[in-house]
Amino acid sequence: MIPKKNNNDIDVFIHPTAEIDLNVKIGSGTKIWHFSHLLKNTVIGKGCNIGQNVVAGPDVIIKDGCRIQNNVSVYKGVTLEEDVFCGPSMVFTNVFNPRSHISRMDEIRSTLIKKGASLGANSTIVCGVTIGRYAFVGAGAVVTKDVPDYALVMGNPARQTGWVCECGNKLGPNGECPVCGKILDISACDLKLCGQFETESIGSDGKDASEKYVLAKNHTENYAKNHGDQGNQSCIVFVDLAAQQKLIRQRIEENIRAVLDHGKYIMGPEVAELEKKLADFAGVKHAITCSSGTDALLMALMACNIGKGDAVFTTPFTFAATAEVILLAGAVPVFVDIEPDTFNISAEKLEEAVKNAAKEGKLVPKAIISVDLFGLPCDYDEINSLANQYGLTVISDSAQSFGSKYKGKRAGSFGHISCTSFFPAKPLGCYGDGGAVFTNSNDLAKQLASIRVHGKGKDKYNNIRLGLNARMDTIQAAILLPKLDIFLDELKKRKQVAKRYSDILKNRNIPLTTPKIPEGRESAWAQYSVLLDNKDIRSDLQLHLKKNNIPTAIYYPVPLHLQPVYGDLTYGQGDFPIAEDCSSRILSLPMHPYLTEKDQAYICRLFAGLLQAY
């Protein structure tokens, strides 16, 4: 044995009872406590803390910043990356099937614990696995399979029960840490591991989740091998703005240059030109552009004099802006459940909600904000009829549906007033934020034009009502003009892409529901969203697809009535069961006009490969 100091004579602490073999390297700042034993050729990094009665080696690598608590043995074949925590009495193995009378030192399996991972007290890590970055293994867990980055696993055998932040706290359903506030993009985790990890109990077919994922993985890899496709093609994008830009870049640059030349950056001539073309496209008298789809909705509420004491009925299965503006206007959102097949507000449940609000008498039923989710128009015959019966204003939230049709009429003409968004990912999007409000009412149009410029009267220094700073930038209007010129062609291409998806997926006989388009309606196909039969596989399915360069999205993971900001409205779990169920099973695939048949075939092949294992 060498003296009780590091053989490199660096600043370390080694307790007199600790034993250090030859050829052990120890980094500066490391502490080695009572009765610990570092075997030959072991490498310990800087700033580590090796507790009492720890055995490490031979040939073990423990990198900087690791903390190993008392009574842990780190055997040959184990590597700990930086900042790994090993709880008291946790166990590593290095041979899968040891026997006392059979030597199996040549069968040692390597185990890798990645940066920042925590291994709880009395947990067991079976040899040959990889524990992902910042993963958290619960106390007493027995890990037999690879663990994804940031995964929380517990039990025997260990199964994933959630995700954890780098600070060690369990993440909420939206990926946000309740302590430090960081939001984790789960899709960016180490995806190589997720296709193999157990996430649920044994199913009715007798196969546990890990076996199913291995089956799916083998299915897709074998298909790729037999068809000359190894699944390593370049990453498919969710919305391909670059492909669109190639077609019209010259015109966009010319329009931007024109704006730079005339210098009218606010309410320049391109804004008026765009408003006329938008109104003509939608088949209405007026289109008033503004700074965003959110401002479009708020302007509509303000123009309709909706405020304190008023009830505005809308869906909980939508983006935050829909209900947010109701509160900003001073009114109260009254949520109404959705149709299970279209995801849009249920006219039948809407009438019940209006009657209940009127009967209760606390609020005055004033308006409906209908949301054309994923590009599909609502049932406006029913909604408009109900609105006429009860004296309600219909505000159509067409943020995702501009370009769609309902019984021959374009979005923008639905209801009393209609709003859309030109967010870049929308079917018609600019290169920033933008929106528009549509109406056939001359009076509403005048009010909207006033509201968007601080409630101006005869000029901007004559303020006749409360307003907003909600004008569209001239450059954004200049960008939208050439996009509007190709918009009809893009709508046709979106419809073709959606049809290909539905045809392929329906023929695969896999456990999901494809979108339904009722007779008399045409979707703008802002998204292509399916409902999975099994909600428990969604996260792993996303990770599996991401591993193969296929992005997906969830619109929307938590319905609005369960969001903290609406806690004062006293809604709770179970109040809108259809919206809650859809939010747990919805999944959106890449969708844009320039998605090729080859890419769609690749997406559907891998998508179906995993689902067919269930």
Quiz item: Across segment 428-561, how many lysine pairs separated by 8 or more positions, or lying on different chains, have Cα atoms within less than 23 Å?
Solution: 19
Quiz item: Which Cα, out of N534, V558, A524, lies furthest along the positive dipole direction of the chain (beta carbon charges, K/R +1, D/E -1)?
Solution: A524
Quiz item: Once Cα extents along the principal axes in Å is worked out from the coordinates, which option in (1) 78, 61, 39; (2) 94, 59, 56; (3) 83, 66, 47 does it equal?
Solution: (2)
Quiz item: Along the three principal axes, how long is segment 456-552 when you take its alpha carbons, biggest first, rounded to the nearest angstrom?
Solution: 64, 31, 30
Quiz item: Taking a probe of 1.4 angstrom, what is the accessible area of W33 in Å², to the nearest 10?
Solution: 80 Å²
Quiz item: Given 0.36 nm per residue, what is the gain on full extension from K516 to N156 after removing their alpha carbon distance, in nm?
Solution: 125.4 nm
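Size of the dipole of the chain about the Cα centre, Lys and Arg at +1 and Asp and Glu at -1 on the beta carbon, nothing else charged, in debye to 20? Please report the intermediate quantities before stating the final value.
On the way: 68 positive and 66 negative charges, 160 e Å.
Charge dipole of the chain: 780 debye, to the nearest 20.
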Exercise. Taking a cut-off of 18 Å between Cα atoms, list the aspartates and glutamates near K355, but don't count ones fewer than 8 places away on the same chain.
Key: D310, D337, E382, D575
Quiz prompt | Gain on full stretching of the segment that runs from N305 to T596 - 0.36 nm per residue minus C-alpha separation | solution = 100.1 nm
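To the nearest 20 debye, what charge dipole does segment 505-614 have about its Cα centre, counting +1 at the Cβ of each Lys and Arg and -1 at the Cβ of each Asp and Glu?
Roughly 500 debye, rounded to the nearest 20.
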Quiz item: Where does helix 380-390 land angle-wise versus the long Cα axis of the chain, in degrees 0 to 90, nearest 10?
Solution: 70 degrees
Practice problem: For I102 paired with R251, estimate the spin-label separation in nm (one decimal), with each label point 7 Å from Cα along the Cα-to-Cβ line. | Solution: 7.3 nm
Quiz item: So which aspartates and glutamates pass the test for K76, namely a Cα distance under 15 Å, with those fewer than 8 places away in the same chain ruled out?
Solution: D21, D59, D106, E107
Quiz item: How do K182, K31, K359 rank by accessible surface area computed with a 1.4 Å probe, from largest to smallest?
Solution: K359, K182, K31
Quiz prompt | Within segment 312-377: Cβ-based charge dipole about Cα centre, in debye rounded to nearest 20 (Lys, Arg +1; Asp, Glu -1) | solution = 360 debye
Exercise. Count the DSSP beta bridges whose two residues both fall in the chain, then state the antiparallel fraction as a percent rounded to the nearest 5.
Key: 35 percent
Exercise. Leaving ligands, DNA and RNA out of it, rank Y556, Y602 by accessible area with a 1.4 Å probe, largest first.
Key: Y556, Y602
Quiz item: Relative to the longest principal Cα axis of the chain, at what angle does helix 293-303 sit, 0 to 90 degrees, rounded to 10?
Solution: 40 degrees
Exercise. Compute, for T342, the solvent-accessible surface of its heavy atoms (probe 1.4 Å) with the complete set of protein chains present, and express it in square angstrom to the nearest 10.
Key: 10 Å²
Quiz item: Given R₀ = 22 Å, FRET efficiency for N507-D581 by Cβ-Cβ distance, to 0.05?
Solution: 0.30
Quiz item: Taking the highest mean first, how do the peptides 453-466, 36-49, 501-514 order by number of other beta carbon atoms within 10 angstrom per residue?
Solution: 36-49, 501-514, 453-466
Quiz item: What is the helix-to-structure angle for 347-360, meaning the angle in degrees between its Cα long axis and the longest Cα principal axis of the chain, kept from 0 to 90 and rounded to the nearest 10?
Solution: 80 degrees
Exercise. Could you work out how far apart the two model spin labels at K40 and V179 are, taking each label as a point 7 Å from the Cα in the direction of the beta carbon, and quote it in nm?
Key: 4.3 nm
Quiz item: Listed highest first by mean packing, meaning other Cβ atoms within 10 Å per residue, what order do 370-381, 583-594, 14-25 come in?
Solution: 370-381, 583-594, 14-25
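The values are calculated or read from the model by the stated rules, or taken from the named source; none is laboratory data. Computed from a predicted structure; not experimentally measured. No Cβ is skipped: glycine too gets one built from the backbone with ideal geometry, and neighbour counts run over all protein chains shown. Protein only, heavy atoms only, side chains kept; ligands, DNA and RNA dropped before computing areas. Shrake-Rupley method; radii C 1.70, N 1.55, O 1.52, S 1.80 Å.
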